[in-house]
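The values are calculated or read from the model by the stated rules, or taken from the named source; none is laboratory data. In this text, all values refer to a predicted model and were calculated from it rather than measured experimentally. Cβ placement follows ideal geometry from the backbone for every residue including glycine, while neighbour counts extend to all protein chains displayed. To get the accessible areas, we keep the full protein, side chains included, count just its heavy atoms, and leave off ligands, DNA and RNA. Shrake-Rupley method; radii C 1.70, N 1.55, O 1.52, S 1.80 Å.
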Amino acid sequence: MTELARDAAAGLDVQEGAGGQAVLDNLVALLDLERIEEDIFRGVSPPHSPVRVFGGQVAGQALVAAGRTVPPERRVHSLHAYFIRGGDPRVPIVYEVDRIRDGRSFTTRRVVAVQHGKAIFALSASFQKVEQGLEHADAMPDVPDPETLPTYAERMAEFPQALPDVRKRPRPIDIRYVNDPPWVTRQTGERPDRNQVWMRADGVLPDDQLLHVCVLTYASDMTLLDSPLARHGVYWDLDRVLGASLDHALWFHRPFRADEWFLYDTESPSASGGRGLATGRFFSRDGRLIATVVQEGLLRVLPPDGQNAQQD
């Protein structure tokens, strides 16, 4: 295990609810996988994990594993992933990379994450050499600057009774809600059709383009499923919501730094069959569309007395 990974496993310099450079450094350490064999890597989870491994973590680690088998001049432009089983944060995750194709312009990799002898996550990623071509993009929504908005901790302090477990988790990503958070709109009766937050890595990241892409991948699983829940006035720990990411797709359009502010603009076009669909767009501070995300999640809302529902 690398020194960085050992530090992450030990949770060094991390306190409950902490943010800042020390917490971000631990995220970088989590993404610094140990190579245990050709095309086989091992990652760990932080000690402050929830019951299951955070989906953004396993997606980010799997992308690191894929990227370490690809020439650095080829940049990831898309990934498609399925969350198969809930990950166990108490044991390492083994990432097995399959070199599907190395073409003249594109490189394709498939990664399977394994725990206890079973696949918990599968990812396909495509990398491309830098090329010139047609250029257009949607414009960024008109929103307030992130510095004018309350921090996540300040938002949570307004509702001390809400989400006590969530506020204890270290936060390597600085999040500023543009609109009211879903735990607020749940009480006010507002049913917003979109959710907007400013995000950035809470510190300075090394100059490694793959790392910046993997940090954004990690962040892309945060707040995304808030969009379908907010439309129905329910929220994770405040209501009897059973939820989990089912699949996740990301397209990376333009270069960016994950330690600079980016706007995450999300909405939910549909919910049915115990599932909710969410789409999102990432914009850089200067208005460039840098990435697009789509995710479907399991969302089962139980009645107050529902005791017998099962989660997959």
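Kindly indicate whether any position in region 176-189 is modelled with pLDDT under 95 and among the aliphatic types (A, V, I, L, M).
Yes, there is a match, as at least one residue in region 176-189 is modelled with pLDDT under 95 and among the aliphatic types (A, V, I, L, M).
So which of THR266, THR223, THR217 is buried (at least 18 other Cβ atoms within 10 Å of the Cβ) and on the phi > 0 side of the Ramachandran plot?
THR223
When the residues of region 269-297 are filtered to those that are farther than 14 Å from ASP142 by Cα and among the polar types (S, T, N, Q), which remaining residue is surrounded by the most Cβ atoms within 10 Å (Cβ to Cβ)?
For region 269-297, the residue satisfying everything is GLN295.
Does ALA22 qualify as being open to solvent by 20 Å² or more (accessible area, probe 1.4 Å), at pLDDT below 95 and either out of contact with any Ser or Thr (no Cβ under 9 Å at 6 or more places or on another chain) or not in a loop (DSSP other than H, G, I, E, B) (or both)?
yes
Assuming ALA66 fulfils every condition listed in (1) out of contact with any helix residue (DSSP H, G or I) (no Cβ under 9 Å at 6 or more places or on another chain); (2) more than 24 Å from ARG281 (Cα to Cα); (3) open to solvent by less than 40 Å² (accessible area, probe 1.4 Å) apart from one, which condition is it?
Of everything listed in (1) out of contact with any helix residue (DSSP H, G or I) (no Cβ under 9 Å at 6 or more places or on another chain); (2) more than 24 Å from ARG281 (Cα to Cα); (3) open to solvent by less than 40 Å² (accessible area, probe 1.4 Å), ALA66 misses just condition (2).
Tell me yes or no: at least one residue of region 70-85 is over 26 Å from LEU246 (Cβ atoms), open to solvent by less than 50 Å² (accessible area, probe 1.4 Å) and either of a type in the set (Gly, Ala, Ser) or not in a loop (DSSP other than H, G, I, E, B) (or both).
yes
Right, ASP247: within 25 Å of GLY273 (Cβ to Cβ), modelled with pLDDT of 95 or more and not hydrophobic (A, V, I, L, M, F, W, C) or not?
Here the answer is yes, as ASP247 does meet what is asked.
Taking into account only those residues within region 90-139 that are open to solvent by 60 Å² or more (accessible area, probe 1.4 Å) and touching a residue at least 60 places away in the same chain (Cβ under 8 Å), which is farthest from SER284 (Cα to Cα)?
ARG99
Within region 138-161, count every residue that is out of contact with any Leu (no Cβ under 8 Å at 6 or more places or on another chain), in a loop (DSSP other than H, G, I, E, B) and not small (Gly, Ala, Ser).
The number of residues fulfilling the criteria is 10.
Looking at (1) surrounded by fewer than 19 Cβ atoms within 10 Å (Cβ to Cβ); (2) out of contact with any Pro (no Cβ under 9 Å at 6 or more places or on another chain); (3) of a type in the set (A, V, I, L, M), find the lone condition where VAL234 falls short.
Of the numbered conditions (1) surrounded by fewer than 19 Cβ atoms within 10 Å (Cβ to Cβ); (2) out of contact with any Pro (no Cβ under 9 Å at 6 or more places or on another chain); (3) of a type in the set (A, V, I, L, M), the odd one out for VAL234 is (2).
Step by step: first the residues of region 32-53, then only those that are assigned to a loop (DSSP other than H, G, I, E, B) and in contact with a strand residue (DSSP E or B) (Cβ under 8 Å, 6 or more places away or on another chain), then the one that is most open to solvent (accessible area, probe 1.4 Å). Which residue is that?
ARG52
Among the residues of region 185-205, are any closer than 24 Å to LEU289 by Cβ, touching a Lys or Arg at 6+ places or on another chain (Cβ under 6 Å) and not in a loop (DSSP other than H, G, I, E, B)?
yes
Listed residues LEU250, LEU210, LEU229, LEU246; which is open to solvent by less than 20 Å² (accessible area, probe 1.4 Å) and under 23 Å from ALA125 (Cα atoms)?
Testing whether each residue is open to solvent by less than 20 Å² (accessible area, probe 1.4 Å) and under 23 Å from ALA125 (Cα atoms) leaves just LEU250.
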